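Asks: Here it is, the structure in full.
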Amino acid sequence: MTKITPQPGIMDIALYVGGKSYLDGAGEVLKLSSNENPLGPSPKALAAFQGATDLHLYPPTDHADLRAAIGKTWGLEPDRIICGVGSDEVLQFVTQAYAGPGDEIIYTEHGFSMYPILARMAGATPVCVAEQERVVDVDAILAAVNERTRIVLLTNPGNPTGTLISDADLVRLADGLPFDVILVIDGAYTEYADGYDGGVDLARARHNVLMTRTFSKIYGLGGLRIGWGYGDQELIDVMNRIRQPFNLSNAQLAAGAAAARDDDWLTRCSALNAEQRPRLAAALRQLGVACDDSQTNFVLARFADEAEAASADAALQADGIIVRRVGGYGFPEGLRITVGDAGQTGRVIAALTGWRENP
C-alpha cells in the first residue's frame with residue numbers, strides 16, 4: 001500500500017503547548033500563565049460583541065471598519081493593514097508567502113515558540129540565533145544572514161524574557177539586512193513598553209519591514225483571536241492573496257473595532273500594569289529571585305535552578321495559582337508570571353513569601 005506522505009518539514013514540528021489553565025481539585029484558580037489582561041476586554045468591545053446578531057450573514061472580506069479603527073488609533077494608513085486570526089495568522093501569511101523549501105527563516109533563541117513551526121509549515125529551515133543575557137543580539141542575527149535567508153522573525157518586547165531592544169538597534173538591524181530579506185517585528189506586547197512604537201516608523205519607511213500586533217493581550221480579547229500587521233503596500237497585497245476571504249467573523253470585527261477606538265480602556269489597562277509590574281519584580285528580588293526589568297505584562301522569575309523553580313511552582317499551585325514553566329524556551333529555572341491586578345499580585349507575593357519561609 002502506498003503511504004500518504006506529508007509535505008517536507010511537517011513531521012519535524014513539535015506540537016505547540018499553551019499555558020496551563022486548570023488545576024485538578026483546586027477551588028478558586030488564579031490563571032497567570034498566558035499573559036491575559038486581568039481587567040478583561042473593554043466594556044465597549046463587549047457590548048459590540050454582544051450586539052453582533054448578524055450571524056447568518058457572511059462578514060465583509062475587506063475588514064474596512066476594523067482597519068480604519070486601527071489606522072486612526074495608531075496613525076496608520078488603513079490600506080497598509082492586514083487583519084488575521086490573531087497575529088499568529090499574520091505571521092503565517094508572511095512566512096507562507098515569502099519562504100519555502102531551500103530558504104531559511106531566522107529567529108532568536110528565546111523568541112516565540114511558533115517561529116520554527118511557521119518556518120517548517122512553509123517548508124523552510126528555521127535558524128536559531130543566540131541572545132546575550134536574555135536580550136536579542138543584533139550582531140548575531142546579521143552574522144547568520146546568508147543567500148538563503150528570506151525572513152527574520154523578531155519578538156520585541158521579548159517573550160518570555162520581557163526585554164526590549166532599542167529603536168537604534170532596530171534601525172541597525174534593518175540597515176544591515178539585504179533588501180530582499182523581510183524583517184518582521186512581532187510586537188504583541190508593544191502597548192506595555194513605554195515610548196516604543198512597535199516598529200511603526202520602520203514599517204512605514206521601508207519596503208522589507210512588517211510589524212504585527214494583537215488584540216489578545218492589553219485589549220483583553222484573547223478568546224476572539226484578532227491580530228493585524230502593517231507594512232509596505234506590496235507586502236500587504238501579496239499576503240492578502242493567500243488570506244482566507246472570511247477569516248474574521250462579524251463578531252470579531254465588531255469587537256475589535258470597538259476595542260481599538262476605546263483609548264480610555266487602553267490607558268487604564270496600561271496604568272494598572274505599570275503599577276503592578278514593578279511591585280511584582282521588587283518582591284521577587286526581595287525574595288532572592290532574579291528577574292530582568294520587564295517591558296511587558298509578565299515577569300520572568302529566574303530561580304537558582306530547575307529544582308527550585310519546580311518547588312516554587314508547586315507552592316503556587318497549592319495556593320491555586322497557575323504560572324508558566326518555560327523550560328521549552330530555554331529557561332528550566334524560570335517561571336513566567338503574568339502581572340495581575342493588585343489583589344492577584346498580592347496573592348502571588350504572599351504564596352512565594354510563604355514558600356521561601358517554609359521551603
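The values are calculated or read from the model by the stated rules, or taken from the named source; none is laboratory data. Bear in mind the structure is a predicted one, so any value in this text is a computation, not a measurement. Cβ atoms come from the backbone with ideal geometry, glycine included; neighbour counts cover every protein chain shown.
Asks: Residues in the range 85-106: is at least one under 17 Å from Val184 (Cα atoms) and touching a His at 6+ places or on another chain (Cβ under 9 Å)?
Replies: No, the range 85-106 has no match at all.
Asks: Just give me the residues in the range 199-221 being in a loop (DSSP other than H, G, I, E, B), surrounded by fewer than 23 Cβ atoms within 10 Å (Cβ to Cβ) and either over 11 Å from the mean Cα position of the chain (by Cα) or among the aliphatic types (A, V, I, L, M) (or both), in sequence order.
Replies: Those that are in a loop (DSSP other than H, G, I, E, B), surrounded by fewer than 23 Cβ atoms within 10 Å (Cβ to Cβ) and either over 11 Å from the mean Cα position of the chain (by Cα) or among the aliphatic types (A, V, I, L, M) (or both): Arg206, His207, Asn208, Gly220.
Asks: So Gly328 clears everything in (1) loosely packed, with under 14 Cβ neighbours inside 10 Å; (2) of a type outside the set (Ser, Thr, Tyr); (3) over 20 Å from the mean Cα position of the chain (by Cα) except one condition, right? Which one?
Replies: (3)
Asks: A follow-up question, please. I'd like to verify a number: residues in the range 307-347 that are out of contact with any helix residue (DSSP H, G or I) (no Cβ under 7 Å at 6 or more places or on another chain) and hydrophobic (A, V, I, L, M, F, W, C), how many?
Replies: Selection size over the range 307-347: 8.
Asks: Of the conditions (1) touching a residue at least 40 places away in the same chain (Cβ under 8 Å); (2) in contact with a Lys or Arg (Cβ under 9 Å, 6 or more places away or on another chain), Thr190 fails just one. Which one is it?
Replies: (1)
Asks: Then there is this: Residue check: is Leu142 surrounded by 22 or more Cβ atoms within 10 Å (Cβ to Cβ), free of Cβ contacts under 8 Å to residues at least 40 places away in the same chain and not assigned by TED's automatic domain parsing to the domain that holds Val299?
Replies: no
Asks: Could you list, in sequence order, the residues of the range 185-230 that are within 15 Å of Leu173 (Cβ to Cβ) and of a type in the set (A, V, I, L, M)?
Replies: Passing the criteria: Ile185, Leu202, Ala203, Ala205, Val209, Leu210, Met211.
Asks: Going through the range 1-40 one residue at a time, which ones are of a type outside the set (A, V, I, L, M), under 22 Å from Asn159 (Cα atoms) and either at pLDDT 90 or above or not in a loop (DSSP other than H, G, I, E, B) (or both)?
Replies: Those that are of a type outside the set (A, V, I, L, M), under 22 Å from Asn159 (Cα atoms) and either at pLDDT 90 or above or not in a loop (DSSP other than H, G, I, E, B) (or both): Lys31, Ser33, Ser34, Asn35, Glu36, Asn37, Pro38, Gly40.
Asks: How many residues are part of a loop (DSSP other than H, G, I, E, B) and among the aromatic types (Phe, Trp, Tyr) if we restrict to the range 162-195?
Replies: 2
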